[in-house]
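Colleague: To start, I am sharing the structure in question, which I have written as structure tokens.
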Amino acid sequence: MQNATQIGLNHTGARLSPLDSEQQIKASQEVLPDVPGNEQRLALERTELASEAESIGSVPLPGSTKGMLKTALNTLVGVNPEVLIDKLGERLAFERSGTRLYEALMAKVQAIEDVDTEDMLETLQNFHDQEAEHFKLLEGALERLGADPTAMTPCADVVGVSAAGILQVVSDPRTNLAQSLNALLTAELTDNAGWELLIRLAETSGQNEIADSFNKALAQEQMHLETVRNWLAMEVMRQV
Ligand SMILES: [Fe+2]
């Protein structure tokens, strides 16, 4: 694996060819877009569509009588249980993506030849296993609320789309370790903020036991974040 930033035949810069660039700028002024409109009309269209659009999905009705009773009870005390269920579904989807990310990164690290990666691989495996444990923890919390952990909630759907780019970076065979760690850092930053919010939300929803059970996961995520941040810095500095 090519694991360092290199000078090469990159022709993307406009300054490499001032004459061609001049012609390109001229052409962009002469050849108008074949779709009518401008940025203001585009913004108006977006606003109009957003005001008319349906939501991206819904939280399913609880599948069990026990779940229905809990939902009814929560609604009676003034809490919307669907918000917590939606966000639990979101973290569950994200932790699943997290295990995929670590799997892809471990495969990539195996290809590194010029650095000793034994310790790193061991830590990556640990973090992978913890992401899988978090997935199970969330599955249990959803079941406790009488919700179906296999359902794709709206926020789970959205977070899956967000994480797709991160997974694309790490699973691209051409990206090096630093580039992959950079993508992983985005995931871990989001994950930390996600757990913090989820604990707050569980407490506000009167689910203190669920909130308490998440503290260990948050502590582990904080460790993931610090480690990935340090690895990235070390790798970039090593290249310098
Ligand atoms: Fe993590």
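Any read-out appearing in this document is the output of simple, stated calculations on the displayed coordinates, not a laboratory observation. Nothing here was measured: the structure is a model prediction, and the numbers come from that model. Neighbour counts run over all protein chains shown; Cβ positions are idealised from the backbone, glycine included.
Colleague: State the extension gain, in nm to one decimal, for the chain segment bounded by ASP114 and ASN80, taking 0.36 nm per residue of separation less the distance between their alpha-carbons.
Modeller: Extending this stretch completely gives an extra 6.8 nm.
Colleague: Hand me the tally of lysine pairs in the chain: alpha carbons under 30 angstrom apart, and the pair either on different chains or 8 or more positions apart.
Modeller: 11
Colleague: Per the Debye formula with a single identical scatterer at each Cα and no solvent contribution, what log10 I(q)/I(0) holds for the chain at q = 0.08 Å⁻¹?
Modeller: Values, matching the q order: -0.47.
Colleague: Could you order peptides 44-50, 143-149, 193-199 by the average number of other Cβ atoms within 10 Å of their residues, highest first?
Modeller: 143-149, 193-199, 44-50
Colleague: Taking the Cα centre of the chain as the origin and placing charges on Cβ (Lys, Arg +1; Asp, Glu -1), which of LEU184, LEU197, PRO81 is farthest toward the positive end of the dipole?
Modeller: Checked the options; the winner is PRO81.
Colleague: Please list the equivalent ellipsoid semi-axes of segment 167-210, computed as the square roots of five times the alpha-carbon gyration tensor eigenvalues, in descending order and whole angstrom.
Modeller: For segment 167-210, the ellipsoid semi-axes come out as 34, 8, 6 Å.
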